[in-house]
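Participant: Please see the structure below; I have some questions.
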Amino acid sequence: MSDSRIIADRRGLALVLTLLTISFLVALTLQLMATVDRQSAAAAAQRESVRLDGMVLAGLSLARGALAADLKENEYDSPHDLWGRLDEEKLKAVSDEVSLAVKVTDLGGRLQIHALADPSKEGYRQVWLRLLLSGRFAISDQDQAEALLDAIDDWVDEDDDERPSGAEENYYQGLQPPYSCRNGVIPAVEELLLVKGMTAELLYGDAEHDGLIEYITIAGDDGRVHLNTAPVPVLQAMSADMTPELAQDLVAFREDPQNRELLATVDWYRQVSGIPASIDIENDLLAVVGKYFEIKVQATYHQFIRRGTGILLRDNEQKQTLLQWKQE
């Protein structure tokens, strides 16, 4: 082989090595840039997450402030109170960039699960029955409704005495897999799915039925319904003579600003035009002051979203206790 051929081959090899080196460096650079981009995006996401966490807590503070201010204004609760009017437009003053949504719901308008364990509250059980049999839920007849209430009673009471159609420890230990009966306070409504007779269709609803979860609560056990905040299905369940139309009339009455002062007493429903005298609800079943409130906060900035949900107890001395709070 001639010297010129050897030199040409060496030059060709050098060129190939150079091109390989350049390709490697380009690939390394691209990988480095991608890593930097990912780290920058992660840092931005972390920064915005911390920022939105602060905004969610700010929303919680706003809700607590509104609930505290309300007790200084009057001694009853209604849709006209400050805590019920925390709309998005008014919250824009908190931040020009972050969208903040705060919703406060008085849980006193829902039916209490734990009040069912009190055998002296037969009238309250009847309210539950009327709600279950209203046709809104995936439940077929009164026997099924009675059996479900017996099972819920047994789940939350503290004894092992089984009601006629209920279930206690022996029943649940015989399932596969077995588990224990709570026999006490449940931490979340969703636990009812473990109770004999409860189904996902009944609790959450389906294409044809409402979900019971929207009308019941783990908060409270005094067996009272807040007349000023209860939804139509609960209002309808308060009396056998209450029709959906009459319940809607109650809602229209309490939402009229001109009737705000009338909502201070538990028998204001008697003043609603068209309400028959046969609707006579026991005062012991009614309330016009809220104690337990659900607070939901959402902070949004571009594609970043943070949420917080909790339950707050507000007593008559204006003391507030945050019973639950979850931020995600």
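The values are calculated or read from the model by the stated rules, or taken from the named source; none is laboratory data. The model shown is predicted, which means the values in this text are computed figures rather than measured ones. Glycine gets a Cβ as well: all are built from the backbone with ideal geometry, and neighbour counts include every protein chain shown.
Participant: Looking at THR300, THR321 in this structure, which one is touching a residue at least 60 places away in the same chain (Cβ under 8 Å) and of a type in the set (S, T, N, Q)? Walk me through it before giving the result.
Facilitator: Numbers: THR321 fails: touching a residue at least 60 places away in the same chain (Cβ under 8 Å).
Of THR300, THR321, the one residue that is touching a residue at least 60 places away in the same chain (Cβ under 8 Å) and of a type in the set (S, T, N, Q) is THR300.
Participant: To continue, here is another question. Mind checking which residues of the range 297-326 are within 18 Å of TRP83 (Cα to Cα), part of a strand (DSSP E or B), of a type outside the set (Val, Ile, Thr) and more than 17 Å from the chain's Cα centre (by Cα)?
Facilitator: Those that are within 18 Å of TRP83 (Cα to Cα), part of a strand (DSSP E or B), of a type outside the set (Val, Ile, Thr) and more than 17 Å from the chain's Cα centre (by Cα): ARG314, GLN320.
Participant: Here's something else I'd like to know. Give all pairs with beta carbons closer than 6 Å in which a residue from the range 78-98 that is under 28 Å from LYS291 (Cα atoms) and modelled with pLDDT of 75 or more meets a residue that is exposed (fewer than 15 other Cβ atoms within 10 Å of the Cβ) and not hydrophobic (A, V, I, L, M, F, W, C); count only pairs at least 6 apart in sequence or on separate chains.
Facilitator: PRO79/GLU255
Participant: Among the residues of the range 271-291, what is the count of those that are over 18 Å from PRO244 (Cα atoms) and either without any contact (Cβ under 8 Å) to a residue 24 or more places away in the chain or under 27 Å from the mean Cα position of the chain (by Cα) (or both)?
Facilitator: 9
Participant: Answer yes or no as to whether LEU263 is in contact (Cβ under 8 Å) with a residue 40 or more places away in the chain, in a helix (DSSP H, G or I), within 21 Å of THR229 (Cβ to Cβ) and of a type outside the set (Lys, Arg).
Facilitator: It is true that LEU263 is in contact (Cβ under 8 Å) with a residue 40 or more places away in the chain, in a helix (DSSP H, G or I), within 21 Å of THR229 (Cβ to Cβ) and of a type outside the set (Lys, Arg).
Participant: Follow-up. Could you please give the count of residues in the range 282-323 that are under 24 Å from ARG254 (Cα atoms) and either touching a Cys at 6+ places or on another chain (Cβ under 6 Å) or at pLDDT below 90 (or both)?
Facilitator: Count: 2.
Participant: Suppose we keep only residues that are of a type in the set (Lys, Arg) and out of contact with any Gly (no Cβ under 8 Å at 6 or more places or on another chain) within the range 292-328. Which one would you say is surrounded by the most Cβ atoms within 10 Å (Cβ to Cβ)?
Facilitator: ARG306
Participant: Does GLU294 meet the test of being of a type in the set (Asp, Glu), over 24 Å from the mean Cα position of the chain (by Cα) and not in a loop (DSSP other than H, G, I, E, B)? Full working, then the answer.
Facilitator: Details: of a type in the set (Asp, Glu): yes; over 24 Å from the mean Cα position of the chain (by Cα): no; not in a loop (DSSP other than H, G, I, E, B): yes.
The answer is no for GLU294.
Participant: Given the criteria closer than 23 Å to VAL289 by Cβ, at pLDDT 95 or above and crowded, with 19+ Cβ neighbours inside 10 Å, does LEU132 qualify?
Facilitator: Values: closer than 23 Å to VAL289 by Cβ: no; at pLDDT 95 or above: yes; crowded, with 19+ Cβ neighbours inside 10 Å: yes.
Against the criterion (closer than 23 Å to VAL289 by Cβ, at pLDDT 95 or above and crowded, with 19+ Cβ neighbours inside 10 Å), LEU132 does not qualify.
Condition check ((1) farther than 24 Å from ILE152 by Cα; (2) out of contact with any strand residue (DSSP E or B) (no Cβ under 7 Å at 6 or more places or on another chain); (3) not polar (S, T, N, Q)) across all residues:
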| position | (1), (2), (3) |
| --- | --- |
| LEU194 | no, yes, yes |
| GLY197 | no, yes, yes |
| GLY205 | no, yes, yes |
| HIS226 | no, no, yes |
| ALA247 | yes, yes, yes |
| ASN259 | yes, yes, no |
| PRO276 | yes, yes, yes |
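Participant: If you take the residues in the range 237-260 that are in a helix (DSSP H, G or I) and among the polar types (S, T, N, Q), which one is nearest to ARG110 (Cα to Cα)?
Facilitator: Let us first name the residues in the range 237-260 that are in a helix (DSSP H, G or I), namely 237, 244-255, 257-260.
Checking the rest, the ones that are also among the polar types (S, T, N, Q) come to 248, 258-259.
Numbers: GLN248: 16, GLN258: 25, ASN259: 22 Å.
By that ranking, first place goes to GLN248.
Participant: Give the residue, chosen from ASP150, ASP154, ASP141, ASP159, that is surrounded by 18 or more Cβ atoms within 10 Å (Cβ to Cβ) and farther than 21 Å from VAL225 by Cα. Talk me through it step by step, then tell me what you get.
Facilitator: Values: ASP150 fails: farther than 21 Å from VAL225 by Cα; ASP141 fails: surrounded by 18 or more Cβ atoms within 10 Å (Cβ to Cβ); ASP159 fails: surrounded by 18 or more Cβ atoms within 10 Å (Cβ to Cβ).
So the residue among ASP150, ASP154, ASP141, ASP159 that is surrounded by 18 or more Cβ atoms within 10 Å (Cβ to Cβ) and farther than 21 Å from VAL225 by Cα is ASP154.
Participant: When residues of the range 196-236 are filtered for being outside any loop (DSSP other than H, G, I, E, B) and small (Gly, Ala, Ser), how many remain?
Facilitator: 1
Participant: Within the range 269-288, track down each residue that is closer than 19 Å to GLU122 by Cα and among the β-branched types (Val, Ile, Thr).
Facilitator: The answer is ILE279, ILE281.
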